[in-house]
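Some notes on the structure that comes next.
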Amino acid sequence: MQIQEIVKTLEKVRQVNPLIHNITNVVVTNFTANGLLALGASPVMAYAKEEVADMAKMAGALVLNIGTLNETEIEAMLIAGKSANENGVPVIFDPVGAGATAYRTETARKIVKEVKISIIRGNAAEIANVIGENWVIKGVDAQEGNGDIIALAKKAAQQLGTVVVITGKEDVVTDGDTTYVIHNGHPILTKVTGTGCLLTSVIGAFAAVEKDLLLAAVSALVSYGVAAEVAANKKGEEGPGSFQIEFLNELAKVGTAEISQYGSIEKR
Ligand code: ATP
Ligand code: TZP
Ligand code: MG
Ligand code: MG
C-alpha cells in the first residue's frame, strides 16, 4: 500500500463529504460530530427506533458504538444495522468496554451475530472479549497486555468475517489474510476521552468512500495518527485541552505534505 493511495483516499472523503450515521455514546457525541466535520465528512446522530432504518439507508456508513449502552439504544442499533446491511451501507462497530461487564460482552457478541459488520475497531481487550478470549479490561480502557496482538487480530478477523482494527501504541489492521501495522499516533491521545470512538467514526467516513476496506482502514489510521502527531508537536506541551483543539484543526488540514513526511505503515 502506497502513501499516495492513502492521500487519495483522504481527498476522496473531502470531495464526497459522506453522511455518517452514528449511534454512539453520550461522552463522545459532540467531539465525534466535530471531528467528522473537521475531516470533511457529514455527521448525523440519530437514535429513535422509528427513524434509524431510514437514516442508515441514506448514509455512506453506519457507526455503532456501545459506550453508554441501554436496551432502547441496542434495539435501535439492531434495526439500523439490518437496514444498512439490506442497503449495502458499510457498518463499523466499536465494542466499547466489551469484557468489562457481562452486559457489554453479551451485547457486543449479539451485535456481531445479528448485523453484518464491515470493520470492527477496539483496543486489544475489547476485540479479545468479543471473540471469547479473556483479556483484562478496566472500565473502557485496555490494560497493558503482552499478548500477540497481530495473532489476536487475525483470529478475530477469521472468526468474525470482518476487517479488524486493534489500536494502541501501534495499530493493527487485518482481514485475516493481509495485515498492516501502523506506527502513527501519539501517547497524548490517551489523555483525551473519545479519541478511540472518533477514530471509529473516521474509519466509517473512509469506508463510505472506499470499497477496499483494508485501504479504507489503513488510510483512516494513518491520516488520524499523523494529524495527532502534528497537533502534539504544536500544542502537546500545553496539555490535553490545547491538544484536543489543535487535533481538530489538524484533522481539517492534514494532507500530502504531512502524510508523506510522517506516515508509517508496515506490511506483515
Ligand atoms: P483505550 O480505551 O484502550 O484507550 P480507545 O478506544 O481509546 O482504547 P485507542 O487504542 O486509545 O482507542 O486508540 C485511539 C487512538 O490513539 C489511535 O489512533 C491509537 O493509535 C492512538 N494511541 C493510543 N495509545 C497510543 C500510544 N501509546 N502511542 C501512540 N498512539 C496511541
Ligand atoms: N465511558 C463510557 S464511553 C466512554 C467513557 C469514558 C468514552 C470512551 O471513549 P474512548 O474513545 O474509548 O476513549
Ligand atoms: Mg484511548
Ligand atoms: Mg474505545
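Coordinate-derived values only; no laboratory data. Note that the structure is predicted; figures quoted are calculated from it, not measured. We place every Cβ from the backbone using ideal geometry, glycine too, and count neighbours over all the protein chains shown.
Scanning the range 90-115 for residues that are without any contact (Cβ under 8 Å) to a residue 40 or more places away in the chain, away from ligand 4 (no atom under 15 Å from the Cβ) and over 15 Å from the mean Cα position of the chain (by Cα) gives Ala102, Tyr103, Glu106, Arg109, Lys110, Lys113, Glu114.
What residue, of Gly236, Gly194, Gly225, is crowded, with 24+ Cβ neighbours inside 10 Å, within 14 Å of ligand 1 (Cβ to nearest atom) and either of a type outside the set (D, E, K, R) or more than 19 Å from Asp94 (Cβ to Cβ) (or both)? Give the steps one after another, and end with the answer.
Numbers: Gly236 fails: crowded, with 24+ Cβ neighbours inside 10 Å; Gly194 fails: crowded, with 24+ Cβ neighbours inside 10 Å.
Result of the check over Gly236, Gly194, Gly225: Gly225.
Considering the range 13-25, the residues that are in contact with a Ser or Thr (Cβ under 7 Å, 6 or more places away or on another chain) and among the hydrophobic types (A, V, I, L, M, F, W, C) include one that is nearest to ligand 4 (Cβ to nearest atom), namely Ile20.
With respect to Thr200, is the statement that it is within 22 Å of Met45 (Cβ to Cβ), assigned to a loop (DSSP other than H, G, I, E, B) and touching a residue at least 40 places away in the same chain (Cβ under 8 Å) true?
Values: within 22 Å of Met45 (Cβ to Cβ): yes; assigned to a loop (DSSP other than H, G, I, E, B): no; touching a residue at least 40 places away in the same chain (Cβ under 8 Å): yes.
Answer is no for this residue.
Is it the case that some residue within the range 211-225 is under 21 Å from Asp175 (Cα atoms) and not in a helix (DSSP H, G or I)? Scanning the range 211-225 turns up at least one residue that is under 21 Å from Asp175 (Cα atoms) and not in a helix (DSSP H, G or I). The residues of the range 41-76 that are under 16 Å from the mean Cα position of the chain (by Cα) and part of a loop (DSSP other than H, G, I, E, B), listed by number, are Ala41, Gly60, Ile66, Gly67.
Each row is one residue, and each column tells you yes or no for (1) over 19 Å from the mean Cα position of the chain (by Cα); (2) not hydrophobic (A, V, I, L, M, F, W, C).
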{"position": "Phe206", "(1), (2)": "no, no"}
{"position": "Leu213", "(1), (2)": "no, no"}
{"position": "Ala216", "(1), (2)": "no, no"}
{"position": "Ala220", "(1), (2)": "no, no"}
{"position": "Tyr224", "(1), (2)": "no, yes"}
{"position": "Lys235", "(1), (2)": "yes, yes"}
{"position": "Glu238", "(1), (2)": "yes, yes"}
{"position": "Glu246", "(1), (2)": "yes, yes"}
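Residue-wise test of (1) in contact with a Ser or Thr (Cβ under 7 Å, 6 or more places away or on another chain); (2) under 23 Å from Val173 (Cα atoms); (3) buried (at least 21 other Cβ atoms within 10 Å of the Cβ).
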{"site": "Lys8", "(1), (2), (3)": "no, yes, no"}
{"site": "Glu11", "(1), (2), (3)": "no, yes, no"}
{"site": "Val27", "(1), (2), (3)": "yes, no, no"}
{"site": "Ile66", "(1), (2), (3)": "yes, yes, yes"}
{"site": "Asn85", "(1), (2), (3)": "no, yes, no"}
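Restricting to the range 150-197, give me the number of residues that are within 16 Å of ligand 3 (Cβ to nearest atom) and either of a type in the set (Asp, Glu) or part of a helix (DSSP H, G or I) (or both).
Narrowing the range 150-197 to residues within 16 Å of ligand 3 (Cβ to nearest atom): 165-172, 182, 184-197.
Checking which are either of a type in the set (Asp, Glu) or part of a helix (DSSP H, G or I) (or both) leaves us with 170-171, 187-191, 195-197.
Residues in the range 150-197 being within 16 Å of ligand 3 (Cβ to nearest atom) and either of a type in the set (Asp, Glu) or part of a helix (DSSP H, G or I) (or both): 10 in total.
Can you confirm whether the range 48-64 contains a residue that is within 16 Å of ligand 4 (Cβ to nearest atom) and without any contact (Cβ under 8 Å) to a residue 60 or more places away in the chain? Yes: the range 48-64 contains one or more residues that are within 16 Å of ligand 4 (Cβ to nearest atom) and without any contact (Cβ under 8 Å) to a residue 60 or more places away in the chain.
Yes/no matrix, rows are residues, columns are (1) surrounded by 24 or more Cβ atoms within 10 Å (Cβ to Cβ); (2) touching a residue at least 24 places away in the same chain (Cβ under 8 Å); (3) among the hydroxyl-bearing types (Ser, Thr, Tyr):
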position	(1), (2), (3)
Thr179	no, yes, yes
His186	no, yes, no
Ala205	yes, yes, no
Val209	no, yes, no
Ser219	yes, yes, yes
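For the range 88-103, the set of residues classified as crowded, with 22+ Cβ neighbours inside 10 Å, within 16 Å of ligand 1 (Cβ to nearest atom) and on the phi < 0 side of the Ramachandran plot consists of Ile92, Phe93, Asp94, Pro95, Val96, Ala98, listed by residue number.
For Phe243, the conditions (1) touching an Asp or Glu at 6+ places or on another chain (Cβ under 6 Å); (2) within 16 Å of ligand 3 (Cβ to nearest atom) all hold with the exception of (1).
Criterion first (within 27 Å of Gly132 (Cβ to Cβ) and either within 15 Å of ligand 4 (Cβ to nearest atom) or free of Cβ contacts under 8 Å to residues at least 60 places away in the same chain (or both)) does Ala153 satisfy it? Spell out the reasoning first.
Values: within 27 Å of Gly132 (Cβ to Cβ): yes; either within 15 Å of ligand 4 (Cβ to nearest atom) or free of Cβ contacts under 8 Å to residues at least 60 places away in the same chain (or both): yes.
Spelling it out, Ala153 is indeed within 27 Å of Gly132 (Cβ to Cβ) and either within 15 Å of ligand 4 (Cβ to nearest atom) or free of Cβ contacts under 8 Å to residues at least 60 places away in the same chain (or both).
As a summary of the residue check, Lys116 satisfies the conditions (1) part of a helix (DSSP H, G or I); (2) surrounded by fewer than 19 Cβ atoms within 10 Å (Cβ to Cβ); (3) of a type in the set (Lys, Arg) except for the one numbered (1).
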